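Just so it is clear, none of the values below were taken in a lab; they were calculated from the coordinates. Quick caveat: nothing in here was measured; it's all calculated off a predicted structure. Neighbour counts are summed over all protein chains in view; Cβ atoms, including those assigned to glycine, are modelled from backbone coordinates with ideal geometry.
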Amino acid sequence: DLDTPERAQALWQKDKDHFIHPFTDFSRFGTHGCDIITESEGIHVQDAQGNRFIDGIAGLWCVNVGHGRREIGEAMAEQATRMAYFSTFNNLSNVPATLLADKLADLAPAHLNHVFYSCGGSAANDATVRLVHYYFNRLGKPSKKRIISRNNAYHGTTYMAASLTGIASNNWDFDTLDHLVTYLSEANCYRRPEGMSESAYCDHLVQEFEDTIARLGADNIAAFIAEPIMGAGGVLVAPEGYLRRMQAVCRKHDILLIADEVVTAFGRLGHFFASEAVFGVQPDIINCAKGLSSGYAPLGATLISDDMYEVLSRPQGPGGVLSTGFTYSGHPVSCAAALKNIEIMERERICDNVLEVGPYLEERLATLSRHATVGDVRGSHFMMCLENVADKTTRALLPVEARVGDRVADEAQARGLIIRPVGHLNIISPPLIWTREVVDQVVDILDQALSATT
Ligand code: PLP
């Protein structure tokens with residue numbers, strides 16, 4: 001119970017002493033520990049002192065159906081008490097894992113009908129690279145190993161996923177598997193070369209891919225991995241037609257296209273999967289996690305094409321099996337959470353809400369560009385970002401020590417809204433149940449927060 005300052009202080013101390021927080025600047029922990037979130041309901045969360053906030057980041061781009069959904073909790077409890085866990089290795093299975101795989105095959109683009117489960121987005125990307133390498137080995141093309149990623153891409157933090165990640169600061173003083181990954185430029189329309197049109201910029205990015213293939217040799221390249229819209233790297237929306245053209249280059253050179261839809265799937269852009277519905281591409285693999293279970297339970301899924309599955313499922317010969325998977329692949333409680341989550345999304349037409357309210361969010365956030373420090377307001381639907389700059393004309397950045405993203409986020413939090421600072425950026429990735437009224441309230445708070453920061 002945290003109802004007295006002493007009790008809250010004692011818990012903070014335990015946290016500070018023993019919990020190694022991910023992605024945390026320990027110098028910012030201060031003397032009072034951290035913010036401990038104790039309750040959540042709908043679009044709100046509440047901390048240990050009873051302060052209530054609008055959740056502007058859906059937990060961490062994941063609580064898509066909003067907080068406090070009893071039905072999901074009940075579905076999980078029902079599954080946990082009926083059959084909490086049993087292996088899915090070999091030919092063992094469980095009902096929620098099977099039903100969810102069938103449902104995902106139904107929701108995904110038509111050629112993606114096979115699901116490999118993991119425990120989250122990093123693990124899904126990691127497993128994907130193993131499967132892709134195995135696929136080419138089985139096809140007798142063992143030199144096809146390299147994965148093409150992009151600067152500022154975010155694909156997670158297992159060793160392989162961190163190596164696919166192209167955000168330099170994420171890997172400071174960490175090692176990466178450099179023999180397996182090559183990075184292209186990110187598609188950053190805001191910071192594209194001065195005077196270059198968007199379509200010329202697109203040509204330039206596609207040409208860079210072609211040049212890279214010519215340099216490395218298509219025989220050495222297994223796949224290109226891309227978030228349809230880069231998330232943690234700054235909500236970068238690529239130029240029109242970019243992904244389609246990158247897919248065409250992949251096809252020409254026998255390079256697989258992996259769409260990392262850990263953020264963009266499950267409604268954030270108004271569709272269960274964005275690759276085909278929004279960007280017109282048919283990836284060989286789509287990875288999802290986060291919104292798949294709306295964060296109620298850890299779960300990742302790798303959706304694999306029929307063509308690829310045909311190769312992966314070829315018998316190995318005596319004693320051989322597809323030797324990859326996790327104890328918790330297809331965990332029944334997580335899959336039960338995901339099934340209920342999808343049922344809610346369909347019943348409440350949550351994608352339609354995103355298609356309706358998303359453009360309004362974009363339009364209202366765009367008004368914040370009247371602030372001297374807001375260089376760019378970008379994103380799509382419920383995936384948005386403010387880029388803070390020192391000078392709007394030159395797009396020069398403020399010094400890192402100015403901690404502008406942190407300051408804007410702190411000012412917003414003091415006014416009852418949690419958004420995410422990432423360096424000089426502020427990310428807004430709300431639960432998908434925000435209404436127009438909530439958008440108005442949020443934009444008012446951000447307006448005040450930006451005024452207080454500048
Ligand atoms: N891929 C993308 C695009 C992500 O945004 C994230 C997490 O933010 C991941 C992968 C990693 O997922 P997880 O943190 O569940 O391992």
17 Å Cα cut-off, lysine pairs counted over the chain (separation 8 or more, or different chains) | 5
Count the net charge of all other residues whose Cβ sits under 14 Å from the Cβ of LYS145, scoring Lys and Arg as +1 and Asp and Glu as -1.
-> +2
In what sequence, highest mean first, do 60-68, 95-103, 433-441 appear when ranked by Cβ atoms within 10 angstrom?
-> 60-68, 95-103, 433-441
Percent relative contact order for the chain, counting Cα pairs under 8 Å at least six residues apart, stands at 20 percent
For the chain, what is the percent of antiparallel DSSP beta bridges, rounded to the nearest 5?
-> 65 percent
Counting other Cβ atoms within 10 Å of each Cβ, which trypsin sites (Lys or Arg not before Pro) in region 305-392 have at most 16 and sit in a DSSP loop?
-> ARG349, LYS392
Where does the Debye-calculated log10 I(q)/I(0) of region 31-83 sit at q = 0.20, 0.23, 0.30, 0.32 Å⁻¹, using only Cα point scatterers of equal weight, no solvent?
-> -0.78, -0.89, -1.11, -1.17
Förster radius 56 Å - calculated FRET efficiency between ARG82 and ALA452, Cβ distance, rounded to 0.05 | 0.60
Alpha carbons only, please: Rg and Dmax for region 190-277, in angstrom.
-> 13.9, 38
Out of every Cα-Cα pair in region 9-132, what percent are more than 18 Å apart?
-> 72 percent
Taking the C-alpha atoms of region 71-347, convex hull volume expressed per residue in Å³ | 133 Å³
Short to long, in 5 Å steps from zero, the percent of alpha-carbon pairs of region 270-412 per bin is 2, 7, 11, 13, 13, 13, 12, 11, 7, 5, 3, 2, 1, 0
